[in-house]
Amino acid sequence: MKKEVSRLIHKRHRLMDMVRRRENLIHGSLVHTHKKCGRKQCACERGELHPHIFLYKSVRGKKSSIYLSKKEAKKIRPHLKAYREVMDLLESISDNNIKVLKFKESKHREPDAPHR
């Protein structure tokens, strides 16, 4: 049992190191939309809408968005992916910590009294 706890603690340290190596994190989603610009003679008035990219984010129910150029959207894609990866790593760390707690709890439990 002690070996297993040691292995789990070592795994937690490896996962935390992986989290620390990711610095440029962005929480949000890229949303592609099409809109009219409002100019009377523009093709968008005939249905050829202009593409737009927004970074959307919601925190505690409050939504915000930022307009991005195609170049900016391309640059932040890896940062969005890194954020999701870190969230997955944190979930793994949490699962790992629960396993450690279970091992430590089982070590401190008193054996059941014999049944009569």
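The values are calculated or read from the model by the stated rules, or taken from the named source; none is laboratory data. Predicted model only: the values in this text are computed from it and were never measured. Every residue, glycine as well, gets a Cβ built from its backbone with ideal geometry; the counts of neighbours run over all protein chains shown. Just the protein is used for accessible areas: all its heavy atoms, side chains included, with ligands, DNA and RNA removed. Shrake-Rupley method; radii C 1.70, N 1.55, O 1.52, S 1.80 Å.
Say whether the condition of being of a type outside the set (Gly, Ala, Ser) and at pLDDT below 90 is met by at least one residue in segment 64-85.
Within segment 64-85 (the criterion being of a type outside the set (Gly, Ala, Ser) and at pLDDT below 90), the answer is no, since none of the residues qualifies.
Within segment 21-29, is even one residue modelled with pLDDT of 90 or more, more than 15 Å from MET87 (Cα to Cα) and out of contact with any Cys (no Cβ under 9 Å at 6 or more places or on another chain)?
no
Using beta carbons and a limit of 9 Å, which pairs, at least six apart or on different chains, have the first residue in segment 9-32 and over 30 Å from ILE53 (Cα atoms) and the second one open to solvent by 70 Å² or more (accessible area, probe 1.4 Å) and not in a loop (DSSP other than H, G, I, E, B)?
LEU15/LEU90
Residues in segment 88-102: is at least one open to solvent by less than 60 Å² (accessible area, probe 1.4 Å) and not in a helix (DSSP H, G or I)?
No, the conditions are met nowhere in segment 88-102.
When SER65 is evaluated against the numbered criteria (1) in a strand (DSSP E or B); (2) within 30 Å of LEU15 (Cα to Cα); (3) small (Gly, Ala, Ser), which criterion, by number, is the only one it fails?
Among (1) in a strand (DSSP E or B); (2) within 30 Å of LEU15 (Cα to Cα); (3) small (Gly, Ala, Ser), SER65 violates only (2).
LYS63 versus (1) among the charged types (D, E, K, R); (2) within 20 Å of the chain's Cα centre (by Cα); (3) surrounded by 11 or more Cβ atoms within 10 Å (Cβ to Cβ): which is the lone unmet condition?
(3)
Would you tally the residues in segment 23-50 being small (Gly, Ala, Ser) and at negative phi?
The number of residues fulfilling the criteria is 2.
Within segment 1-52, can you find the residues that are closer than 23 Å to LYS102 by Cβ and either part of a loop (DSSP other than H, G, I, E, B) or touching a strand residue (DSSP E or B) at 6+ places or on another chain (Cβ under 8 Å) (or both)?
Hit for segment 1-52 is MET1, nothing else.
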